[in-house]
Amino acid sequence: MWSHVTPRCVQCIKNKSFVRPFHKPSFQGKSSTASQVSNRKQITVGPLQNRISNVLQQWTRSYSAHFTYVPDTVPSSEGETVRMNLFQAVNNAMDIALASDPTAIIFGEDVAFGGVFRCTLNLQEKHGKDRVFNTPLCEQGIAGFGIGAAVAGATVIAEMQFADYIFPAFDQIVNEAAKFRYRCGNEFDCGRLTFRAPCGAVGHGALYHSQSPEAYFAHTPGLKIVMPRGAVKAKGLLLSCIRSNDPCIFFEPKILYRSAVEQVPTRDYELPIGKADILLEGENVTLLGWGTQVHVLREVAQLAQDRLNVTCEVIDLVTIQPWDRETIYNSVVKTGRLVIAHEAPLNCGLGAEIAASVQKECFLNLEAPIQRVTGHDTPFPHVFEPFYIPDKWRCLEAVRAAVEF
Amino acid sequence: MRKVTTINSILRCCSNGKYLPLGCTRPSHKVSPVLPAFSSQLIRIRSYSTVTPEGEDRPEFPGAKSGWTDRLEFVKSDLYDGIPVYRVMDREGKVLQEDEDPKLPEEMIVQMYRSMTLLNTMDKILYESQRQGRISFYMTNYGEEGTHVGSAAALNPDDMVFGQYRESGVLMWRGFTLDNFMNQCYGNELDLGKGRQMPVHYGSKDLGFVTISSPLGTQMPQAVGAAYAFKRAQKGQCVICYFGEGAASEGDAHAAFNFSATLECPIIFFCRNNGYAISTPTSEQYRGDGIAGRGPAYGLLSIRVDGNDTLAVYNATKRAREMAVKENRPVLIEAMTYRIGHHSTSDDSSAYRSVDEVRFWDSTDHPISRLRNYMLNHGWWNDDKEQEWKKKSKTAVMEAFARAEKKLKPDWRLMFTDVYEQMTPDLKQQLQGMEDHLKKYGDHYPLKNYAKSNSPIE
Ligand SMILES: Cc1ncc(C[n+]2csc(CCOP(=O)(O)OP(=O)(O)O)c2C)c(N)n1
Ligand SMILES: [Mg+2]
């Protein structure tokens, strides 16, 4: 019954771009099912990791993870690979950025000793104290300093210790970084500026160690916003952000720092900003997420197959801004149903923007109202987290609602 | 010979202009008539101005209050040795200047000691329980017990406290029970915060302790606002605001200092300078004369105390409170201490400081041993009492711990309350959605760990 949904949007069909064959990024994940993969593998101690502090264990340990991590695989044509988790991949990207660009600098709170998540481990030893350094504890200072350095010609990688603590820097990011080029007629710009910020649920982070504030920044023209789902993506996307000529915010789902282990190419590579990845092809429902949520959705696709006998197309948005409309529209044209899931609250979350756009562009293709499964419109609670997050059961129920509409 | 600086001499220094140029703005010669409040300021300024004698040509700039100079000279940040560290006792608990001993009654000193050691015992057990995965997170107060209890004991019960997160001793002194602490750390149904925040985010309206919030520095301007409201209410209340030397780098700290001075608020800023902000040592946090050194520039009365000397902390806070309330003047106290524990259970400090360094402070300059020495010197304490108290306090902690652990988490539906005073239609709908969802999928949720509220959730 759900085996085929015919695209009916005349405009979409007329507009060739919407029915173009799916573009497959080189590092697109294989459509492996959740059961094929285990995230319990031991991390090998490589050159990047001579010490994992408790810090990381604390924030990346999940009492009972609400998802199963599915690693990406890269074709052998990508050359040599090394087993890395997400923090090592981020570290590796920054190492390459520092080595390949003498103007590059990295700074933030506690960055010198490796950062509380170990992302900058050994970088100071390797590249010098003038290139990798601690700042005083002041996010607005970090952001402003970063903007200035970028305006003056440096390549800047600035760390916000937690995405939850990016808000003191909101003014600098939203009113300054985002608008710099525009307001001076391109006389100056701070494009060589990247903010890295660990985000997302970890199981016990409560109000201020769990937030996913991407929508606040997506609301601001002038910023590019990226969130990787794993190690391979993190390395290539971070290098793209660092080398992009627009200011970028790179949100790192902190629960993945250790659990996202993949064979990561050792070479210097970049992955496109603004390109979504289709991780699983399906016919009946499009499941759209980013960051950790992608892994939840993969499991949902399996559950939907088993329990509802429908096939889901799982898409990782990857870039929050500018988001890949074409890939999403094409998928919805095909499936007629869209479930968007994100950890951030419902109200004015990114899902709202996507839903509004999709209903406009794919109105006649839609077989059911677009479903959003998100955090509730409350602060992120500590002991209620299992009831707060858009877990697989809430997502599955949304799939059911979409197909039974 | 080391010169012992007394609290009186420091405060004198502060108010004779050496550290603190008093008086708000220099009155313009053109202002007339002079308002009464203004003229009293004028008198103050006259008596403190030493640069140019009255009647001479002086800079007229609206923001200036000094004289002219014809020498090209930059003010150096290392002009003076820095504000000295006020102390009452040496490390052996011997009082250095008899008249600086606050002469607190035996009972009170013993009570202070009991609070400090009970806190220490509670820290050990809760830290360990996090290690065993029984609570999700913890932060110890090791080495900073003196700053907590010394300051808390000098306040009035109706004063208001805005804390950072490492001031559990203040709350303990004010009457937060072991059960209160444990219930919060477990986020169980008895937690006053309804299980919403991470462990150590305590708070109690009854005890005038505003609930802790993780974002650093945010409590500082809030505390100033509270002090302003207290000033207008004229009930002689004061606000104390605790913060770390790391948090003092946030923009909010600047706002707080500046607002408190310009709006003349009865507030005590209490900086716990424990040497580190997670891994960042003070040398990478600030330059110049620390946190207290900023006070004069903002127009705050300022003092630096030995935070491991509980009596010095007491004296400084007591006097600060008097001045803050009587004169509506903000006071900045920088208590020098050392964070003996890791930053939190998420931290392994051996990655950035030596074990020897930690051992030095733990064994040589600990506030608990210093206060114990003081009690021993007075014959108020002995080994038997120590043993007995150790046993008793440990039992009390363990019992409270066991009680808290047995309790259920709060009703999960409390996730939706207190976002607004009244639940909005949206939230009611989301709550209903969750109820419906759990009817179907309840098996997949840890519902059995959560209480079912008897009262309606709204
Ligand atoms: C705005 C903000 N930025 C960063 C953090 C992360 N953080 C938590 S505690 C801490 C160090 C604070 O040091 P300090 O103020 O000296 O207090 P201490 O831990 O030494 O008591 C940091 C960086 C935070 N909680 N809030
Ligand atoms: Mg500190």
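Label sites at A:Asp130 and B:Asp158, each approximated as a point 7 angstrom past Cα along Cα to Cβ, lie 6.0 nm apart. In the stretch B:190-208, comparing the full protein assembly with the chain on its own, the residues that lose 30 Å² or more of accessible surface at a 1.4 Å probe are B:Gly195, B:Arg196, B:Gln197, B:Met198. Annotation: amide H-H contacts under 5 Å for B:Val305 (H modelled 1.01 Å from N, sequence separation of 5 or more, or interchain): B:Tyr86, B:Glu334, B:Ala335, B:Met336.
Between helix B:106-131 and chain B there is an angle of about 50 degrees, using the helix long axis and the longest principal axis of the Cα atoms.
Estimated from the Cβ-Cβ distance and a Förster radius of 51 angstrom, the FRET efficiency linking B:Gln111 and B:Leu263 is about 0.90. Straight-line cross-link partners of A:Lys275 among the aspartates and glutamates, defined as a Cα under 12 Å from its Cα and at least 8 positions apart when in the same chain: A:Asp316, A:Asp324, A:Glu326. Split the accessible area of the protein assembly as shown by element, probe 1.4 Å, and carbon with sulfur accounts for 52%. Which aspartates and glutamates does B:Lys235 reach when only Cα atoms under 14 Å apart count, and residues fewer than 8 places away in its own chain are ignored? Straight-distance partners of B:Lys235: B:Asp158, B:Asp159, B:Glu322, B:Glu327. Comparing B:Asn328, B:Leu216, B:Val305 along the charge dipole axis of chain B, the residue lying farthest to the positive side is B:Asn328, per the Cβ-charge model.
Net charge in the neighbourhood of A:Arg267 (other residues with Cβ under 9 Å of its Cβ; Lys, Arg +1, Asp, Glu -1) is -3. Beyond 31 Å in Cα-Cα separation lie the following of the pairs A:Lys179/A:Lys360; A:Lys233/B:Lys440; A:Lys360/B:Lys440; A:Lys254/A:Lys334: A:Lys233/B:Lys440; A:Lys360/B:Lys440; A:Lys254/A:Lys334.
Annotation: per residue accessible area for chain B equals 47 Å², rounded to a whole number [probe 1.4 Å, protein chains only]. Ordered by 1.4 Å accessible area with all protein chains kept, B:Lys406, B:Lys385, A:Lys254, B:Lys394 run largest first as B:Lys406, B:Lys394, B:Lys385, A:Lys254. Sorting A:Thr335, A:Thr311 by solvent-accessible area of protein heavy atoms yields A:Thr311, A:Thr335, largest first, with a 1.4 Å probe. The contact residues of the stretch B:413-438, meaning those that lose at least 10 Å² of 1.4 Å-probe accessible area when all protein chains sit together rather than their chain alone, are B:Met415, B:Phe416, B:Val419, B:Asp426, B:Leu427, B:Gln430, B:Met434, B:His437. If the chain linking B:Glu60 and B:Tyr420 were pulled fully straight, counting 0.36 nm for each residue of separation and taking away their Cα-Cα distance, it would gain 124.4 nm.
For the stretch B:273-295, a drop of 30 Å² or more in accessible area on going from the chain alone to the assembled protein chains (1.4 Å probe) is found at B:Ile278, B:Ser279, B:Thr280, B:Glu284, B:Gln285.
Residues whose amide H lies under 5 Å from that of A:Cys190, counting only those 5 or more places away or on a different chain, are A:Arg181; hydrogens are built 1.01 Å from N in the peptide plane. Between B:Thr177 and B:Lys318, the C-beta separation translates, for a Förster distance of 25 Å, into a calculated FRET efficiency of about 0.45.
Stretched out straight at 0.36 nm per residue, the stretch from B:Lys448 to B:Arg359 would grow longer than its current Cα-Cα span by 27.6 nm. For the set A:Thr266, B:Thr280, solvent exposure ranked by accessible area (probe 1.4 Å, protein chains only) runs largest to smallest as A:Thr266, B:Thr280.
Applying both filters, DSSP loop and at most 13 other Cβ atoms within 10 Å, to the chymotrypsin sites (Phe, Trp or Tyr not before Pro) of the stretch A:74-168 eliminates every site. Taking each residue as 0.36 nm, the span from A:Asn186 to A:Phe170 lengthens on full extension beyond its C-alpha to C-alpha distance by 3.5 nm. Restriction of the trypsin sites (Lys or Arg not before Pro) in the stretch A:110-171 to DSSP coil positions whose beta-carbon has at most 11 other beta-carbons within 10 angstrom yields A:Lys129. Would you mind counting up the charge near A:Ile225? Only other residues with Cβ under 13 Å from its Cβ, with Lys and Arg at +1 and Asp and Glu at -1. Around A:Ile225, the charge tally is -3. Neighbours of B:Met89, meaning other residues whose beta-carbon lies under 12 angstrom from its beta-carbon, give a summed charge of -3 when Lys and Arg score +1 and Asp and Glu score -1.
Accessible surface calculations at 1.4 Å, restricted to protein heavy atoms, place the stretch A:277-404 at 26 Å² per residue.
Set the Förster radius R0 to 51 Å, insert the Cβ-Cβ distance between B:Asp206 and A:Glu80 as r into 1/(1 + (r/R0)^6), and round the FRET efficiency to 0.05. That gives a FRET efficiency of 0.20. Among the trypsin sites (Lys or Arg not before Pro) found in the stretch B:121-230, those both in a DSSP coil and sparsely packed, with 13 or fewer other Cβ atoms within 10 Å of their Cβ, are B:Lys205.
Here the label points at B:Gln132 and B:Gln222, each 7 Å from Cα along the C-beta direction, are separated by 3.3 nm in the simple model. Straight-line cross-link partners of B:Lys65 among the aspartates and glutamates, defined as a Cα under 18 Å from its Cα and at least 8 positions apart when in the same chain: B:Glu54, B:Glu56, B:Asp57, B:Glu73. Buried accessible surface for the A/B pair, both sides summed and rounded to the nearest 100, is 4100 Å² with a 1.4 Å probe.
The values are calculated or read from the model by the stated rules, or taken from the named source; none is laboratory data. Quick caveat, the model's predicted, so the values are computed rather than measured. Counting neighbours? That spans all protein chains shown, and the Cβs are built from the backbone with ideal geometry, glycine included. Note: areas computed on protein heavy atoms with side chains; ligands, DNA, RNA excluded. Shrake-Rupley method; radii C 1.70, N 1.55, O 1.52, S 1.80 Å.
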